[in-house]
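For reference, the structure discussed in these notes is given below.
Computed from the coordinates by the stated procedures, all read-outs in this text should not be read as laboratory data. Please read all numbers here as calculations on a predicted model, not as lab measurements. Glycine gets a Cβ as well: all are built from the backbone with ideal geometry, and neighbour counts include every protein chain shown.
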Amino acid sequence: MSYPLCSSGEMKTPSISTKPASTTNPDHNLWNNHGTWWCHFTIHHPNYTKERVRVSLHTRDRAEARRQRDFIMQGTSSIVSRIPQKRKSGPESLSSPTSPARFLTH
C-alpha cells in the first residue's frame with residue numbers, strides 16, 4: 001500500500017492514538033463486556049481518516065487483560081504499519097481479511 005509523502009519527502013505511515021495507562025486509571029484502553037476484557041484504540045491514517053479498533057482479549061482476568069493491553073500498545077508501531085486502510089465505510093467484521101484485529105495476534 002502506498003501512503004502520501006509528508007513535507008520532508010518521507011512516506012507517511014499510519015499512527016496510533018492512545019494515552020499511556022495512568023496511575024489514576026490503570027484500565028485505560030480496556031473495558032469489560034459481560035466478563036470478557038476488550039482493548040480499544042484509534043488508528044490515524046495518512047489520508048486524515050481514523051479507524052477505531054476494538055479487540056477482544058479473551059480473558060476474564062483483569063491483570064491478564066492489562067498485560068495483553070501493554071503488549072498490544074508496545075507493538076503498535078510495527079503492527080499499525082501493516083494495517084491496510086479501509087476502502088469502504090461502515091462497520092467491518094473482525095473476521096474480515098482487512099480487519100485490524102487479525103494483525104494483533106501474539
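How do Thr24, Thr42, Thr59 line up, fewest other C-beta atoms within 10 Å first?
Numbers: Thr24 6, Thr42 12, Thr59 16.
In order of increasing Cβ crowding within 10 Å: Thr24, Thr42, Thr59.
Volume per residue for the range 28-83 equals 76 cubic angstrom (convex hull of Cα atoms).
With +1 on the Cβ of every Lys and Arg and -1 on the Cβ of every Asp and Glu, and nothing else charged, how large is the dipole of the range 28-83 about its Cα centre, in debye rounded to the nearest 20?
On the way: 9 positive and 4 negative charges, 12 e Å.
Computed charge dipole of the range 28-83: roughly 60 debye.
Dividing the mean sequence gap of close Cα pairs (under 8 Å, 6+ apart) by how many residues the range 28-83 holds gives a relative contact order of 29 percent.
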